[in-house]
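Report on the structure given below.
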């Protein structure tokens, strides 16, 4: 093997190694790159999210931090005439979500956006679903106050909005299986 060919091969191997390391780093330490870590919602929590969201014809639902797309898909299964938008900042999870949405056959109903939801306009949604950390809830509550229309519903898995009154809760008090809370603007 010539010196130049060997050098090119080493360069490509280093690039591949860096890509693999970046992927592993993004899974193990996602905070600096992609926001909160991914923790999928368990089946019981998803059932409760769907019950409290109660998707109806014409609803526009946003999921903030849509992860692997399983909540979006469950909402679409409940009512195929609902429009669902998943906002996800982690590009790896965006790809995984899109694959799962396509496999489930809901690519026309569900749109997964590689976007930081802090830059999204919530005014066009009548229902918001989220599984965010406690330290986000106060800030997001202010965004809801500014942007959501009257009678909009917020469904929060586990974490509570500090100044809004819970209308209804379902589930156990556990972070992953967690209680799901319904709020009304």
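The values are calculated or read from the model by the stated rules, or taken from the named source; none is laboratory data. Nothing here was measured: the structure is a model prediction, and the numbers come from that model. Note that each Cβ is placed from the backbone with ideal geometry, even for glycine, and that neighbours are counted across all protein chains shown.
Hey, could you check segment 103-121 for residues that are at pLDDT 95 or above and in a helix (DSSP H, G or I) and say which is surrounded by the fewest Cβ atoms within 10 Å (Cβ to Cβ)?
So the residue we want is 103.
For segment 66-80, how many residues meet the condition of being part of a loop (DSSP other than H, G, I, E, B) and touching a helix residue (DSSP H, G or I) at 6+ places or on another chain (Cβ under 6 Å)? Walk me through it before giving the result.
Step one: list which residues in segment 66-80 are part of a loop (DSSP other than H, G, I, E, B), which gives 66-69, 79-80.
Narrowing the set further to residues that are touching a helix residue (DSSP H, G or I) at 6+ places or on another chain (Cβ under 6 Å) leaves 66-69.
Adding up the residues that qualify gives 4.
Has segment 82-98 got any residue that is closer than 15 Å to residue 62 by Cα and part of a helix (DSSP H, G or I)? If you could, list the steps in order and put the result at the bottom.
Initially, segment 82-98 is screened for residues closer than 15 Å to residue 62 by Cα, giving 82-89, 94, 97.
With the extra rule that they be part of a helix (DSSP H, G or I), the set shrinks to 94, 97.
The answer is yes; a qualifying residue exists.
Among all residue pairs at least 6 apart or on different chains, which show Cβ distances below 7 Å where the first residue, located in segment 12-27, is outside the structural domain of residue 68 (by TED's automatic domain parsing) and the second is modelled with pLDDT under 80?
Final answer for the pair search is 26/33; 26/34.
Looking only at segment 52-65, which residues are touching a residue at least 40 places away in the same chain (Cβ under 8 Å) and out of contact with any helix residue (DSSP H, G or I) (no Cβ under 9 Å at 6 or more places or on another chain)? Walk me through it before giving the result.
As a first pass, look at segment 52-65 and keep what is touching a residue at least 40 places away in the same chain (Cβ under 8 Å): 52-53, 55, 59-65.
Within segment 52-65, 52 is the sole residue that qualifies.
Which ones in segment 151-181 are closer than 19 Å to residue 43 by Cβ and buried (at least 19 other Cβ atoms within 10 Å of the Cβ)?
Step one: filter segment 151-181 for residues closer than 19 Å to residue 43 by Cβ, giving 155-158, 169-181.
155, 156, 157, 158, 171, 178, 179, 180, 181 - these are the residues of segment 151-181 that are closer than 19 Å to residue 43 by Cβ and buried (at least 19 other Cβ atoms within 10 Å of the Cβ).
Residue 86: surrounded by 22 or more Cβ atoms within 10 Å (Cβ to Cβ), within 27 Å of residue 171 (Cα to Cα) and at pLDDT below 95, yes or no? Let's see the steps before the verdict.
Working: surrounded by 22 or more Cβ atoms within 10 Å (Cβ to Cβ): yes; within 27 Å of residue 171 (Cα to Cα): yes; at pLDDT below 95: no.
In short, no.
Do we have residue 142 as free of Cβ contacts under 8 Å to residues at least 12 places away in the same chain and either assigned by TED's automatic domain parsing to the domain that holds residue 65 or loosely packed, with under 12 Cβ neighbours inside 10 Å (or both) here? Talk me through it step by step, then tell me what you get.
Working: free of Cβ contacts under 8 Å to residues at least 12 places away in the same chain: yes; either assigned by TED's automatic domain parsing to the domain that holds residue 65 or loosely packed, with under 12 Cβ neighbours inside 10 Å (or both): yes.
Considered against the rule, which asks whether it is free of Cβ contacts under 8 Å to residues at least 12 places away in the same chain and either assigned by TED's automatic domain parsing to the domain that holds residue 65 or loosely packed, with under 12 Cβ neighbours inside 10 Å (or both), residue 142 comes out as yes.
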